[in-house]
Amino acid sequence: MRHVQGTDSRQRTLRDEWTCRVLVCRTWLTAVALAWGLLGIPGVLAQSPKPTDYDVKAAYLYNFGRFVEWPGKVAATQGGSFTVCVLGQDPFGPSLDATLAGETIGGKAVVARRISSAQESDNCQILFLSLTEASRLNKIITDLNKKPVLTVSDMPQFLKSGGMIQFVLEEKRIRFEVNLTATQRAGLTLSSELLKVATVVRKNPPPGD
């Protein structure tokens, strides 16, 4: 089902405001947000480099952690850190580590971790699946079945394969779509604020839809 219509200017403004808050989650990204004109201050563009798509996606990953609730018993048994994992070839480079450095979620330090298989995801709260994993996506989703791990990717058809959040490009900006059924099956609760700024929220997306 469609949760936000692309022609709805009010919801578009809400998404822009949320994107702004995503970008300023770290001090170094404040200048990036200004450079994009999100805060309406001219003249900063010449002073700050334009963020890459993966700078923005790294900031989104951190903010997803702030707007998703994990089952209490799981949070209590997953160690002393909040872990954002990357499965497959890492497209972020240093930007993910820089974005997470010094941040906390639920009183836990946020850290990045690179893994090579779904079996290594037991201590991951968020798992980003790289495009290099497209050929084995179905097996990965099966291996993660009902595990309380928020799966995120920018590969095409990710939601239709059972993924939870898919990055998309809309009007040259990074947005995201949500598979609500998959998150609920894993016992995760997404805040209403996050759902409001999703471009699309799907329930039971049929194959080929």
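The values are calculated or read from the model by the stated rules, or taken from the named source; none is laboratory data. Just so you know, these numbers come straight off a predicted model, no measurement behind them. Here the Cβ positions follow ideal geometry from the backbone for every residue, glycine too, while neighbour counts run over all protein chains shown.
Summary of values
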item: Residue that is nearest to Asp90 (Cα to Cα), among those in segment 123-137 that are small (Gly, Ala, Ser) and more than 17 Å from the chain's Cα centre (by Cα); result: Ala134
item: Residue in segment 166-182 that is over 15 Å from the mean Cα position of the chain (by Cα), free of Cβ contacts under 8 Å to residues at least 60 places away in the same chain and more than 22 Å from Phe67 (Cβ to Cβ) present; result: yes
item: Any strands (runs of 3 or more DSSP E) falling wholly within segment 99-203 and containing at least 3 residues that are more than 21 Å from Val56 (Cβ to Cβ) and in contact with a strand residue (DSSP E or B) (Cβ under 9 Å, 6 or more places away or on another chain); result: 108-115
item: Scope segment 96-122; condition under 14 Å from the mean Cα position of the chain (by Cα) and among the hydroxyl-bearing types (Ser, Thr, Tyr); matching residues; result: Thr99
item: Every residue from segment 141-174 that is farther than 21 Å from Phe82 by Cβ, surrounded by fewer than 20 Cβ atoms within 10 Å (Cβ to Cβ) and of a type outside the set (Val, Ile, Thr); result: Asp143, Asn145, Met155, Pro156, Gln157, Lys160, Gly162, Leu169, Glu170, Glu171, Lys172, Arg173
item: Criterion: without any contact (Cβ under 8 Å) to a residue 24 or more places away in the chain and either surrounded by fewer than 20 Cβ atoms within 10 Å (Cβ to Cβ) or not charged (D, E, K, R) (or both) - qualifying residue of Asp90, Asp97; result: Asp97
item: Qualifying residue in segment 138-147 (condition: within 12 Å of the chain's Cα centre (by Cα), within 22 Å of Asp90 (Cα to Cα) and of a type in the set (D, E, K, R)); result: no
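For every residue, the table says whether it meets (1) closer than 23 Å to Thr199 by Cβ; (2) modelled with pLDDT under 60; (3) not in a helix (DSSP H, G or I).
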| site | (1), (2), (3) |
| --- | --- |
| Val32 | yes, yes, no |
| Leu61 | yes, no, no |
| Gly79 | no, no, yes |
| Cys85 | no, no, yes |
| Pro91 | yes, no, yes |
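This table checks each residue for (1) in contact with a His (Cβ under 9 Å, 6 or more places away or on another chain); (2) of a type in the set (S, T, N, Q); (3) under 19 Å from Phe64 (Cα atoms).
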{"residue": "Leu100", "(1), (2), (3)": "no, no, yes"}
{"residue": "Gly106", "(1), (2), (3)": "no, no, yes"}
{"residue": "Ser135", "(1), (2), (3)": "no, yes, no"}
{"residue": "Thr151", "(1), (2), (3)": "no, yes, yes"}
